[in-house]
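Structure record follows, encoded as structure tokens.
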Amino acid sequence: MELAFSGDVWHWRGPAPHHFVWVPEDDAAQIEEVAAAVTYGWGMIPVTVHLGGSTWTTSLWPKDGGYIVPLKLAVRRAEEVDVGDTVEVRLTLDV
């Protein structure tokens, strides 16, 4: 399954601060349809993320009935991405 969307980068200041992009509702609904077949626990969904010229593997985090894409520091630096920037994201899920 391939999904492509744009979203704003935001920062979570929790005990382990991190940067994320929300998966839009329509795309999150498509992921939810296959979630049981691909999750490895706690609702985490393994994906390959493409942002600019960077590609990496991670997991979508479930949050507030949707999913968020964690953005690695190395990727944010390489792509010059910061809080408030709108980015184009492509996700690949192996289903």
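Bear in mind that the values in this text are calculations on the coordinates, not laboratory data. All figures in this text were calculated on a predicted structure; none of them were measured in a lab. Ideal geometry is used to build each Cβ from the backbone, glycine not excepted, and the neighbour counts take in all protein chains shown.
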| task | Filter the trypsin sites (Lys or Arg not before Pro) in segment 3-73 down to the DSSP loop ones having no more than 11 other Cβ atoms within 10 Å, then list what survives. | result | 13
| message | List the residues, sorted by chain then number, that are 5 or more residues from residue 60 or on another chain and whose placed amide H is less than 5 Å from its amide H. | response | 45, 47
| field | Hydrodynamic radius by Kirkwood, which averages 1/r over all alpha carbon pairs of segment 37-92, in angstrom | value | 12.1
| remark: Along the dipole axis of segment 1-73 (charges at Cβ: +1 for Lys and Arg, -1 for Asp and Glu; origin at the Cα centre), the most positive-end residue among 38, 15, 50 is 15
| remark: Tilt, helix 25-38 to longest principal axis of the chain (alpha-carbon atoms), in degrees rounded to tens, equals 60
| Within segment 1-87, chymotrypsin sites (Phe, Trp or Tyr not before Pro) in DSSP loop having at most 12 other beta-carbon neighbours inside 10 Å | 40, 42
